[in-house]
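Notes for the one structure printed next.
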Amino acid sequence: MTGEPEIGDVFGEMIRDAYAVATGIGPRPMAGGRLPRPVIEIIERDDGLVNGAPAGHYLDPPQRWQPHDHRAVDRVRGHVLDVGVGAGRIALELQERGVPVTGLDTSLGALRVSRHRGVRDLVHGTVDEHAADGRRYDTFLLLGNNLGLFEGRERAPAMLAALAALARPGARVIAHGTDPYGTTDPVHTAYHERNRRRGRFGGQLRLRLRYRLLGTEWFDYLVCSPGELAELVHGSPWRLADVDDTDHPYYLATLELRR
Ligand SMILES: C[S@@+](CC[C@H](N)C(=O)[O-])C[C@H]1O[C@@H](n2cnc3c(N)ncnc32)[C@H](O)[C@@H]1O
């Protein structure tokens, strides 16, 4: 025993249990064999910060969504790729509206739950892997803070290029981000400063997820300001066309494919 987690499908195991709690389908996690155990997403940051958040919101119906999620789905057009479909909450609503949608995810467990909940078209993998399939899309959704998948200055150009390879003419990316710089919490401001000293964006988080005995590898997840996003998009096949920050510090960024 080293105390180090076994690398595995953390998100998938967590979503399977959250789904069991919400629906009674599958074994419910129990505390002490009797009481229902809440399903918590555990996020470790590389400065030692540990945060936990209830995982149930990944299954939320539209009535419980944040306003920016509604505005995002109202903006889609044509065939949608839901990047990081998770438990399928967005894809299910698009299907309900008759919008053609494909859900993409790296987590087999998340795809299993999405399929069980009724998402019809699902693909396992990353955008780079999917670009080789020959399928093309009009709208890419990166919701649930999945603007984070741009990671930082190293990964963003390849991610933007892969999305462009999957795009039809006139395509757009609609991504949900959070501006991290309004905080005065010294734990966060010190972390941002430490990142900047290392040549990273202040909110370029280095994280791993934990669930019971499982963990992910450490990965970068980008929480950036709209100005930093503009820097990343500059010189890419995309143009930052709009930032809707009505729900500040949350925002929806719309990128349009250059002609
Ligand atoms: C924060 S959750 C958001 C889920 C969903 N979009 C929502 O709003 O409920 C992130 C999702 O992205 C998936 N994911 C993480 N890295 C990915 C990658 N490189 N490509 C595709 N999906 C990824 C995770 O497995 C997880 O399902």
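The values are calculated or read from the model by the stated rules, or taken from the named source; none is laboratory data. These numbers come from a predicted model, not from an experiment. Here Cβ is always computed from backbone atoms with ideal geometry, including for glycine, and neighbour counts include all displayed protein chains. Side chains included, ligands, DNA and RNA excluded: accessible areas come from the protein's heavy atoms. Shrake-Rupley method; radii C 1.70, N 1.55, O 1.52, S 1.80 Å.
Summing charges over neighbours of residue 108, with a neighbour being any other residue whose Cβ is under 12 Å away from its Cβ, gives 0 when K and R count +1 and D and E count -1. Other residues within the sphere of radius under 12 Å centred on the Cβ of residue 149, judged by their own Cβ, net out at -3 (K and R +1, D and E -1). In a DSSP loop and with at most 15 other Cβ atoms within 10 Å, the chymotrypsin sites (Phe, Trp or Tyr not before Pro) in the stretch 185-259 are 218. For the stretch 21-38 versus the stretch 45-95, the inter-centroid distance based on Cα atoms is 23 Å.
Please compute the net charge surrounding residue 177, taking Lys and Arg as +1 and Asp and Glu as -1 over other residues with Cβ under 10 Å from its Cβ. Write down the numbers at each step before the final one.
On the way: positive: none; negative: 179, 228, 245.
Summing Lys/Arg as +1 and Asp/Glu as -1 gives -3.
When 11, 150 are compared by accessible area at a 1.4 angstrom probe, the order from most to least is 11, 150.
Given the DSSP H assignment, sum -39500 (n - 2.57) over each helix run of at least 4 residues in the chain and divide by its residue total; what's the result at 222 nm in deg cm²/dmol, nearest 500?
Values: 8 runs with 75 residues, N = 259.
Per the formula, -8500 deg cm²/dmol.
With the cut-off at under 19 Å, measuring from each backbone N in the stretch 88-111 to a point 7 Å along the Cα-to-Cβ line of residue 124 picks out 88, 102-111.
Spin-label model, residue 154 to residue 35: label points 7 Å out along the Cα-to-beta-carbon direction sit 4.3 nm apart. Using 0.36 nm per residue and subtracting the Cα-Cα separation, the extra length available between residue 217 and residue 136 on full extension is 26.1 nm. Full extension of the chain between residue 197 and residue 165 yields a length gain of 8.1 nm, computed as 0.36 nm times the residue separation minus the alpha carbon distance. Can you send over the carbon and sulfur percentage of the accessible area for the stretch 164-222, probe radius 1.4 Å, protein chains only? That fraction is 54 percent.
Site pair residue 70 and residue 4 shows an inter-label distance of 4.8 nm when each label is modelled 7 Å from Cα along Cα→Cβ. Each Cα pair under 8 Å and six or more residues apart adds its sequence gap; the mean of these over the residue count of the stretch 138-211 is a relative contact order of 36 percent. Considering only alpha-carbon pairs that sit under 8 angstrom and 6 or more positions apart, the relative contact order computed for the stretch 1-143 is 22 percent. Once the 1.4 Å probe is applied to the protein heavy atoms, the stretch 1-150 comes out at 49 Å² accessible per residue.
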